[in-house]
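Data first, discussion second: the structure below is written as structure tokens.
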Amino acid sequence: MKFLIGKKLKMTQVYGDDGVVYPATILTLPKQIVTQVKTKEKDGYTAIQIGYGEKKESRATKASKGHTKDIGIFEGFKEVRIEGEETLKRGDTVELAVFKPGEAVAISAISKGKGFQGVVKRHGFAGGSRTHGQKHSEREPGAIGGGGRAGARVVKGLRMAARMGSDRVTVQNLKVLKLDIEKRELFISGAIPGKPGTLVEVAPL
């Protein structure tokens, strides 16, 4: 199984073997241990549950303590669907070296939350003109109904001001640039969603 859970650290630059400088995002990877293996016979589907990070025992729930009492206390859990037979067993550690430099991966994370935003920032509207007697209409959305627009009602899906960000975003075809086994750091090409500290999922294409 090729899957890792990391936390976004910061961006930097990495020199490739060809001498080209690549923008990169550093992911730091907490310890990851297989806490449960689900089978089709018992659970109806096949999956691997991974416990990641560390947490004080006093802050863990009784259910999570009982679930992983012989393995440890984890910050959180992530379940990954798999196909076919899996070699990993309960208690096995997921290693950083499952990915190799140059390998293409897909990155999933929660994007930065931007709160309630208007149409100029959220949808790229141009806004209104300041001429012809208008005074404060630079960032207004304009008309939202009337005329030939579905009988003078506001149609579904009309682009308007609303909450922006905090969405699950997947960026595909990024490359693993470098591995640092000692520091447990993974260097991914380009930018990835989220702010520093955001939980990131790394999966193969």
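The values are calculated or read from the model by the stated rules, or taken from the named source; none is laboratory data. Treat the numbers as computed from the prediction; the structure is a model and nothing was measured. Counting neighbours? That spans all protein chains shown, and the Cβs are built from the backbone with ideal geometry, glycine included. Surface areas here come from the heavy atoms of the whole protein model, side chains and all, with no ligands, DNA or RNA. Shrake-Rupley method; radii C 1.70, N 1.55, O 1.52, S 1.80 Å.
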**Estimated FRET transfer efficiency when R0 is 41 angstrom, pair Thr87-Asp17 (beta carbons, to 0.05)** = 0.80
**Item:** Net length gained if the chain between Glu57 and Lys31 were fully extended (0.36 nm per residue, minus Cα distance)
**Value:** 7.7 nm
**Asked** Just by accessible area at a 1.4 angstrom probe, what is the order of Phe116, Phe77 from largest to smallest?
**Response** Phe116, Phe77
**Message:** Going through the cross-link list Lys2/Lys38; Lys2/Lys178; Lys114/Lys195; Lys8/Lys31; Lys42/Lys89; Lys55/Lys178, which pairs have a Cα-Cα distance over 19 Å in this structure?
**Reply:** Lys55/Lys178
**Prompt:** In region 6-106, what GluC sites (Glu not before Pro) fall in a loop by DSSP, with at most 10 other Cβ atoms inside 10 Å?
**Reply:** Glu83, Glu85
**Fill in**
Computed from the beta carbon distance with a Förster radius of 25 Å, FRET efficiency for Ile110 and Ile71 to the nearest 0.05 stands at 0.40
**Request:** Take Lys114, Lys65, Lys42 and sort them by solvent-accessible surface of the protein heavy atoms, 1.4 Å probe, largest at the top.
**Result:** Lys42, Lys114, Lys65
**Prompt:** Counting other Cβ atoms within 10 Å of each Cβ, which GluC sites (Glu not before Pro) in region 155-205 have at most 10 and sit in a DSSP loop?
**Reply:** Glu182
**Item:** Relative contact order, percent, region 75-205 [alpha-carbon distance under 8 Å, six or more residues apart]
**Value:** 38 percent
**Part-to-part distance (alpha-carbon centres) for region 155-186 and region 80-124, which is given in Å** = 8 Å
**Probe 1.4 Å, accessible area per residue of region 42-173, Å²** = 69 Å²
**Prompt:** Which length gain, in nm to one decimal place, applies between Ile181 and Ser137 when the Cα-Cα distance is subtracted from 0.36 nm times their residue separation?
**Reply:** 10.3 nm
**Request:** Sum -39500 (n - 2.57) across every DSSP H segment of at least 4 residues in the chain, then divide by the residue count to get the 222 nm mean residue ellipticity, nearest 500.
**Result:** -1500 deg cm²/dmol
**Complete:** Whole-percent carbon and sulfur contribution to the accessible surface of the chain (1.4 Å, no ligands, DNA or RNA) stands at 50 percent
